[in-house]
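The values are calculated or read from the model by the stated rules, or taken from the named source; none is laboratory data. As the structure is a prediction and not an experimental result, all values here were calculated from the model. Here the Cβ positions follow ideal geometry from the backbone for every residue, glycine too, while neighbour counts run over all protein chains shown.
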Amino acid sequence: MAGKILIIGASGQIGTELCLKLREIHGNKNVIASDIKEGNEELMHSGPFEVANAMDGELIARLVEKHNVAEVYLMAAMLSGTAEKAPMKAWALNMDSLFNVLNLARDKKIEKVFWPSSIAVFGPSTPKEQTPQATVMEPTTVYGISKQTGERWCEYFHRIYGVDVRSIRYPGIISYRTLPGGGTTDYAVEIFHEAVRKGSYTSFLSENTSLPMMFMEDAIKATIDIMAAPAEKIKVRSSYNLSAMSFTPKILAEEIKKKMPDFSIDYKPDFRQKIADSWPSSIDDSQARKDWGWQHKFGLESLTKEMLKGVEAQFQKTSSANPG
Ligand code: NAD
């Protein structure tokens with residue numbers, strides 16, 4: 001690679017693990033983490049970190065120059081649940097940060113951009129099952145509107161200015177290292193923490209709400225794979241559908257019960273139920289599989305096993321550090 005990698009929003013749920021993986025691949029000093037807040041210990045101690053606001057275009061440009069950055073992964077955003085509470089702030093962050101990075105690529109200050117979209121680009125009028133790559137998109141959340149708009153701008157910057165921007169529509173991402181940041185699929189992370197801590201969980205989505213989900217390791221692999229693919233293989237410059245599995249809170253609870261027979265769940269849907277109801281139940285990602293060879297590894301059973309193992313290890317570590 002001609003220059004270094006900059007991750008903006010590196011302290012978040014996905015940014016943290018992406019940063020650690022890229023440091024493992026390219027060497028710690030070649031991957032610059034940045035965020036408005038500090039990240040976990042591993043992130044802060046494994047390589048360079050810069051405090052930076054993604055909305056400050058001049059500051060981002062200075063960081064790119066200072067560190068000789070060739071690739072930017074823009075992970076900073078306001079997620080679906082939080083964005084509904086602050087629509088204008090969410091719009092400003094999600095759009096300004098993207099323009100700051102796309103403009104750097106247009107001006108040839110950087111070579112390649114990764115920017116994640118989401119299944120939130122779809123809305124109630126989209127076919128719910130096996131949602132196709134190209135279909136009706138009428139999102140009803142501010143988060144979904146910002147992601148759909150972002151997709152159109154990515155495609156535009158590629159077509160008009162030749163910008164090498166690559167994107168994936170992540171489903172709900174499930175992981176245990178860093179807590180999620182206010183999305184509608186967060187229940188599928190919280191449930192594991194509560195199962196281990198209390199043996200029970202109250203879900204903010206109803207029992208039969210089916211949503212597309214993915215284990216973090218697969219999401220990181222997809223991100224690294226799409227960025228490593230030869231440019232001519234990337235036929236979609238808005239964003240690729242990506243899928244691994246779909247399940248409901250009830251199905252996930254049953255899978256957890258196989259390992260923890262005493263686990264119990266109840267349901268108190270909140271405002272996020274409406275958001276979930278507007279999203280697809282399952283995703284057709286055949287184009288990503290065909291164009292750049294996407295393959296997932298984790299299904300419901302392996303995800304549940306890894307999550308329980310990871311969360312239990314974390315719980316034991318914190319309880320032995322704080323006895324009593
Ligand atoms: P997160 O909320 O966990 O992390 C976002 C990070 O951005 C945080 O560390 C936050 O401090 C940082 N940030 C916020 N405002 C900033 C600013 N002005 N300047 C710099 N940093 C700022 O989110 P995540 O789950 O890691 O998501 C990363 C990306 O993936 C986002 O674009 C999100 O929309 C997308 N995505 C995530 C999911 C999911 O399930 N986690 C699903 C679909 C799409």
| task | Test E190 against the stated conditions and say whether it is more than 16 Å from the ligand (Cβ to nearest atom), over 13 Å from W279 (Cα atoms) and assigned to a helix (DSSP H, G or I). | result | no
| task | Look at N103 and say whether it is under 24 Å from I224 (Cβ atoms), at pLDDT 95 or above and more than 8 Å from the ligand (Cβ to nearest atom). | result | no
| field | Single residue of A86, A33, A61, A54 found to be under 28 Å from R272 (Cβ atoms) and either more than 19 Å from the chain's Cα centre (by Cα) or more than 8 Å from the ligand (Cβ to nearest atom) (or both) | value | A86
| remark: Here the residues within region 261-276 that are surrounded by fewer than 16 Cβ atoms within 10 Å (Cβ to Cβ) and either outside the structural domain of T209 (by TED's automatic domain parsing) or of a type outside the set (S, T, N, Q) (or both) are P261, D262, D266, K268, D270, F271, K274
| query | Given the conditions (1) touching a strand residue (DSSP E or B) at 6+ places or on another chain (Cβ under 9 Å); (2) closer than 23 Å to K305 by Cβ; (3) not assigned by TED's automatic domain parsing to the domain that holds L303, and given that K221 satisfies all but one, which numbered condition is not satisfied? | reply | (1)
| request: Please go through region 36-51 and pick out each residue that is surrounded by fewer than 21 Cβ atoms within 10 Å (Cβ to Cβ), within 14 Å of the ligand (Cβ to nearest atom) and not acidic (D, E). | output: I36, K37, N40, M44, F49, V51
| message | Looking at region 230-254 only, could you name the residues that are surrounded by fewer than 20 Cβ atoms within 10 Å (Cβ to Cβ) and closer than 20 Å to A195 by Cβ? | response | T248, K250, I251, E254
| Do the conditions hold for K297, that is, is it charged (D, E, K, R), surrounded by fewer than 18 Cβ atoms within 10 Å (Cβ to Cβ) and in a loop (DSSP other than H, G, I, E, B)? | yes
| message | I'm told G57 meets every condition in (1) farther than 19 Å from K108 by Cα; (2) touching an Asp or Glu at 6+ places or on another chain (Cβ under 8 Å) except one. Can you identify the failing condition by its number? | response | (1)
| For region 1-18, what are the residues that are assigned to a helix (DSSP H, G or I) and in contact with a helix residue (DSSP H, G or I) (Cβ under 6 Å, 6 or more places away or on another chain)? | T16, E17, L18
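Residue-wise test of (1) away from the ligand (no atom under 12 Å from the Cβ); (2) polar (S, T, N, Q); (3) crowded, with 21+ Cβ neighbours inside 10 Å.
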{"site": "I119", "(1), (2), (3)": "no, no, yes"}
{"site": "T131", "(1), (2), (3)": "yes, yes, yes"}
{"site": "E138", "(1), (2), (3)": "yes, no, no"}
{"site": "T149", "(1), (2), (3)": "yes, yes, no"}
{"site": "R169", "(1), (2), (3)": "no, no, yes"}
{"site": "G172", "(1), (2), (3)": "no, no, yes"}
{"site": "S175", "(1), (2), (3)": "no, yes, yes"}
{"site": "T178", "(1), (2), (3)": "no, yes, no"}
{"site": "G181", "(1), (2), (3)": "no, no, no"}
| request: Would you mind stating whether I226 is in a helix (DSSP H, G or I), surrounded by fewer than 21 Cβ atoms within 10 Å (Cβ to Cβ), within 16 Å of the ligand (Cβ to nearest atom) and of a type in the set (V, I, T)? | output: no
| said: Quick check on region 149-158. Is at least one of its residues among the hydroxyl-bearing types (S, T, Y) and touching a helix residue (DSSP H, G or I) at 6+ places or on another chain (Cβ under 8 Å)? | reply: yes
